[in-house]
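Peer 1: Sharing a structure with you now.
The values are calculated or read from the model by the stated rules, or taken from the named source; none is laboratory data. Here the structure is a predicted model, which is why all the values come from computation and not from measurement. In this analysis, Cβ positions are derived from the backbone assuming ideal geometry, glycine residues included, and neighbour counts consider all displayed protein chains.
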Amino acid sequence: MVRKKVKIVNHAGMHTRPASIIVKLAAKHKSDFYIIKDGYRINGKSIIGIMSLAAEYGSELILEFEGSDEQKAAEELTKYFEEGFGELQGED
Amino acid sequence: MKKVLANFKVKTKREEIYKGLPASKGISMGKPFIYRAELPSYNYNNDAKIAATEEITDYEEAIQKSRKELNKIFSLAKEKLDDKNLQIFDAQLSFLYDDFLHGKVKQRIKEEEKPAYQVFNEEIKNLENALLTSKDDYIRERISDIEDIKNRVLRNLVKGRLVSKIDENSIVVARNLTPADTILFSNRKLLGIATDLGGVNSHVAIIARSLNIPAVVGIKDFSIHVQPDDFLVIDGYKGLMIKNPSNDTVSSYEKRINEYSIFEKSLTEIENLPNITADGKELRLSTNLEFNNEIDFIAAHIGCDVGLYRTEHMFLEAGDFPSEQDQFTQYKLLVDHLHPRSITIRTFDIGGDKLLPETQKEANPFLGWRGIRICLDKRDVFLGQLRAILRASYKNNLKIMFPLINSLEEVLKAKEMLEIAKIQLRSEKTNFDEKIKVGIMVEVPSAVILADDLARHVDFFSIGTNDLVQYTLAVDRDSSIVSNLYQKFHPAVIRSINTVVESAKRNNIPVSVCGEMAGDPYASFLLIGMGVDELSVETASYLRIKRLMRLINYNEARKVAEEIMTMDTENEINAYISHFFNKYIGDKIF
């Protein structure tokens, strides 16, 4: 299992659009994917789960990957989080 | 406890009269069926046993249907959406493909024996509550992204059942009915339709007339004041809704229902007499057609053509553009039943509001993406329809009509598409009417101004008065607030119609009127006087207008119309017409 600590760095937070892209990225990998926030653990392949975390700017999350391609999945998704879901340009 | 309350209520029920707009003739009495489509709320009886497997199937069907709807909207509206809306749209679709959500809903239905509606609603509510706990405004506002998808699924879960639940002997009461809602009801024998919103030319009104069901619209907030155990009278002649009528009211209405039925019977006596004025002028009277259950009526009347076949209902019923083959089957059915009568098929006259997602709705759909504009943008759809019409034209009795034409370019582009369809069919060795007539709806002021130029490129004009009034006067035909300004006898409207008629005469093409004015006794009197060649009316008005035609003196009507062209106020025109109408026709019921 791979665990990664990430922070929400874009100002709009983990809103509808990034949530749907996270689901799509996660679906490309066989590994199970969970996101943990404040003790809540949700399935990262479910958009309704991701959105229910209501993760705003500055939230700290733990990403959990488990499965045959866990390294690759962890790499790709962590990158997406760290890049602020591609919403950092133009922000201060 | 419940029983006591019910008794108490019966005693205190007073007659209350609500005034609306008369949208479709007829009177009936019965219980209300309160239909709330915009805000799905379905009250399950909590004690009732839930059949879990059935609930799960219903849920799966509702999800499938919602996916299909969204994918359809997506594919149709893709090029019209900006990036932001596209992504939100895409995210909405992700909800419908969230297997974890579906798994959880189904599991809960099974374990908790709760209905799908309730479980799904609760799951989305949980998400909304979670979002609400956020300190961040933007995250909280994401609720609006979910709202549309939630309502869509709930609506699909409820809809099938609601319609199957409707008691046929009831009056449908609603805040508003979309054309799709109204079509759902069209297979039922309803007693009437009453809506809070809408004007006499809104779609619900037109559909009610074509189904011959009494309707009253624009009754402000009537639907809020009606309870399921109320008793209603609907008076589609005067535009009245009477809640819990007194015994006296009921008996006076029973008397009127009787009088009208005697009048209706008297109409059948002229059924097979020719369409000819009292002084011997032959005129053409045809009907507008929308639903297949109207075909029998038309087939039973000699010389009754179809002046306007609306094809939108196929789209609304299927929730998608029908395939070429499905259309061909439908058009051929009309040809087989109605030949040798001519049938004028209008290509899809759909509003963008039916195609665009909630987030991308146009502020002014009537000035937006609709009619021929959509046809020309969606070339495949348009070509499919033209091919279907041509294929069904082998008995040479079909005509094609394009809606909402506003420039010569549109006419030429549409005809070019028709040419492509013809070339394709020739190379496929398919028979069709090589000389099929092509006409346009004149319903936009720009087309009135260009009438002479357009006339040289088409075989006929058909004046769509509903839109012509709305666009000439800048008055929304669905708005009950400005309905007093929606004036069919406004001198600008009358002169516009006259311009089109004269232009048609100059260019030797026939001109018909297929809007609501054709079915209005006063207006049809004037239209005949103006020299319109053909009136196309709703089937429900056919015999009334036929009777009127046979009472009119054509030469007198010509003189009246000529005089009216010099008048400059609606009041004056109105008074003048009613004076002569009463003089020639008398105060007979129409």
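Peer 1: If we keep just the residues of segment B:556-578 that are out of contact with any helix residue (DSSP H, G or I) (no Cβ under 9 Å at 6 or more places or on another chain) and assigned to a helix (DSSP H, G or I), which is farthest from B:Arg284 (Cα to Cα)? Working first, answer last.
Peer 2: Residues of segment B:556-578 that are out of contact with any helix residue (DSSP H, G or I) (no Cβ under 9 Å at 6 or more places or on another chain), as a first pass: B:566, B:571, B:575.
Applying the additional criterion that residues be assigned to a helix (DSSP H, G or I) yields B:571, B:575.
Values: B:Asn571: 29, B:Ala575: 27 Å.
Step by step, filter segment B:556-578, then rank; the result is B:Asn571.
Peer 1: Only residues in segment B:52-66 that are crowded, with 17+ Cβ neighbours inside 10 Å count as the first member; pair them with residues that are modelled with pLDDT of 90 or more and of a type in the set (Lys, Arg), Cβ under 8 angstrom, at least 6 apart or cross-chain, and list the lot.
Peer 2: Once the first residue is crowded, with 17+ Cβ neighbours inside 10 Å and sits in segment B:52-66, its partners that are modelled with pLDDT of 90 or more and of a type in the set (Lys, Arg) give B:Ala52/B:Lys110; B:Ile56/B:Lys106; B:Ile56/B:Lys110; B:Tyr59/B:Lys106.
Peer 1: Any residue in segment B:297-319 that is touching a residue at least 60 places away in the same chain (Cβ under 8 Å) sitting within a Cβ distance under 8 Å of a residue that is among the aromatic types (Phe, Trp, Tyr) and surrounded by fewer than 19 Cβ atoms within 10 Å (Cβ to Cβ)? List the pairs, counting only those 6 or more apart or interchain.
Peer 2: B:His313/B:Phe291
Peer 1: Sort out which residues of segment B:332-353 are assigned to a helix (DSSP H, G or I) and closer than 22 Å to B:Pro403 by Cα, and write them in order of number.
Peer 2: Matches in segment B:332-353: B:Lys332, B:Leu334, B:Val335, B:Gly352, B:Asp353.
Peer 1: Could you identify the single residue in B:Lys378, B:Lys413, B:Lys354 that is more than 28 Å from B:Asn201 (Cβ to Cβ) and in contact with a Leu (Cβ under 8 Å, 6 or more places away or on another chain)?
Peer 2: None of the others qualify; the one that does is B:Lys413.
Peer 1: Against the definition (under 22 Å from B:Ser446 (Cα atoms) and in a loop (DSSP other than H, G, I, E, B)), how does B:Leu356 come out, yes or no?
Peer 2: no
Peer 1: Right, B:Ile206: surrounded by fewer than 13 Cβ atoms within 10 Å (Cβ to Cβ), assigned to a helix (DSSP H, G or I) and among the hydrophobic types (A, V, I, L, M, F, W, C) or not?
Peer 2: no
Peer 1: A further question on this structure: Can you work out which of the residues in segment B:315-352 that are surrounded by fewer than 16 Cβ atoms within 10 Å (Cβ to Cβ) and within 22 Å of B:Asp296 (Cβ to Cβ) is nearest to the chain's Cα centre (by Cα)?
Peer 2: First, pick out the residues of segment B:315-352 that are surrounded by fewer than 16 Cβ atoms within 10 Å (Cβ to Cβ): B:317-319, B:323, B:325-326, B:329, B:333, B:336-337, B:339-340.
Next cut, within 22 Å of B:Asp296 (Cβ to Cβ) only: B:317, B:326, B:329, B:333, B:336-337, B:339-340.
On the way: B:Glu317: 12, B:Asp326: 21, B:Thr329: 22, B:Leu333: 22, B:Asp336: 25, B:His337: 24, B:His339: 26, B:Pro340: 27 Å.
So the residue we want is B:Glu317.
Peer 1: Right, next: Give the residues of segment B:452-484 that are among the small types (Gly, Ala, Ser) and surrounded by 22 or more Cβ atoms within 10 Å (Cβ to Cβ), sorted by residue number.
Peer 2: B:Ala455, B:Ser462, B:Gly464, listed by residue number.
Peer 1: Residues B:Ile420, B:Ile436, B:Ile440: which one is within 19 Å of B:Glu312 (Cβ to Cβ) and either among the polar types (S, T, N, Q) or touching a helix residue (DSSP H, G or I) at 6+ places or on another chain (Cβ under 8 Å) (or both)?
Peer 2: B:Ile440
Residue-by-condition table, conditions (1) touching a Phe, Trp or Tyr at 6+ places or on another chain (Cβ under 7 Å); (2) among the hydrophobic types (A, V, I, L, M, F, W, C); (3) free of Cβ contacts under 8 Å to residues at least 60 places away in the same chain:
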residue	(1), (2), (3)
B:Arg346	yes, no, no
B:Lys361	no, no, yes
B:Arg370	no, no, yes
B:Arg373	no, no, yes
B:Asp380	no, no, yes
B:Leu383	no, yes, yes
B:Leu386	no, yes, yes
B:Gln424	no, no, yes
B:Ser427	no, no, yes
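Peer 1: When the residues of segment A:7-25 are narrowed to those that are among the β-branched types (Val, Ile, Thr) and under 7 Å from A:Tyr57 (Cα atoms), which ends up farthest from the other protein chains (Cβ to nearest Cβ)?
Peer 2: Top of the filtered list is A:Val9.
Peer 1: Go through (1) over 21 Å from A:Ala55 (Cα atoms); (2) within 11 Å of another protein chain (Cβ to nearest Cβ); (3) in contact (Cβ under 8 Å) with a residue 40 or more places away in the chain; (4) not aromatic (Phe, Trp, Tyr) for B:Lys104 and report which single condition fails.
Peer 2: (3)
Peer 1: Name the one entry in A:Ile50, A:Ile62, A:Ile36 that is more than 9 Å from every other protein chain (Cβ to nearest Cβ), crowded, with 23+ Cβ neighbours inside 10 Å and under 24 Å from B:Leu101 (Cα atoms).
Peer 2: A:Ile50
Peer 1: Next up: What do you reckon, is A:Gly44 more than 8 Å from chain B (Cβ to nearest Cβ), out of contact with any Pro (no Cβ under 9 Å at 6 or more places or on another chain) and on the phi > 0 side of the Ramachandran plot? Please lay out each step first, then the result.
Peer 2: On the way: more than 8 Å from chain B (Cβ to nearest Cβ): yes; out of contact with any Pro (no Cβ under 9 Å at 6 or more places or on another chain): yes; on the phi > 0 side of the Ramachandran plot: no.
It is false that A:Gly44 is more than 8 Å from chain B (Cβ to nearest Cβ), out of contact with any Pro (no Cβ under 9 Å at 6 or more places or on another chain) and on the phi > 0 side of the Ramachandran plot.
Peer 1: Now for a separate question. Take the residues in segment A:65-79 that are surrounded by fewer than 18 Cβ atoms within 10 Å (Cβ to Cβ) and closer than 18 Å to A:Val9 by Cβ, then tell me which one is nearest to the other protein chains (Cβ to nearest Cβ).
Peer 2: Within segment A:65-79, the match that is nearest to the other protein chains (Cβ to nearest Cβ) is A:Glu76.
Peer 1: Could we say that B:Lys488 is among the basic types (Lys, Arg), assigned to a helix (DSSP H, G or I) and in contact (Cβ under 8 Å) with a residue 12 or more places away in the chain here?
Peer 2: Spelling it out, it is not the case that B:Lys488 is among the basic types (Lys, Arg), assigned to a helix (DSSP H, G or I) and in contact (Cβ under 8 Å) with a residue 12 or more places away in the chain.
Peer 1: Name the residues in segment B:390-415 that are among the aliphatic types (A, V, I, L, M) and under 22 Å from the mean Cα position of the chain (by Cα), would you? Spell out the reasoning first.
Peer 2: Step one: of segment B:390-415, the residues among the aliphatic types (A, V, I, L, M) are B:390, B:392, B:398, B:400-401, B:404-405, B:408, B:411-412, B:414.
Of everything in segment B:390-415, those that are among the aliphatic types (A, V, I, L, M) and under 22 Å from the mean Cα position of the chain (by Cα) turn out to be B:Ile400, B:Met401, B:Leu404, B:Ile405.
Peer 1: Give just the number: which of (1) farther than 18 Å from B:Gly103 by Cβ; (2) more than 7 Å from chain A (Cβ to nearest Cβ); (3) of a type in the set (A, V, I, L, M, F, W, C) does B:Ile149 not satisfy?
Peer 2: Every condition holds for B:Ile149 apart from (1).
Peer 1: Taking only segment B:195-237 into account, find how many residues are in contact with a Phe, Trp or Tyr (Cβ under 6 Å, 6 or more places away or on another chain) and either touching a residue at least 60 places away in the same chain (Cβ under 8 Å) or at positive phi (or both).
Peer 2: First, pick out the residues of segment B:195-237 that are in contact with a Phe, Trp or Tyr (Cβ under 6 Å, 6 or more places away or on another chain): B:196, B:219, B:222, B:233.
Applying the additional criterion that residues be either touching a residue at least 60 places away in the same chain (Cβ under 8 Å) or at positive phi (or both) yields B:219, B:222, B:233.
Number satisfying all stated conditions: 3.
Peer 1: Among the candidates B:Ile139, B:Ile124, single out the residue that is within 11 Å of chain A (Cβ to nearest Cβ), at pLDDT below 85 and crowded, with 21+ Cβ neighbours inside 10 Å.
Peer 2: B:Ile139
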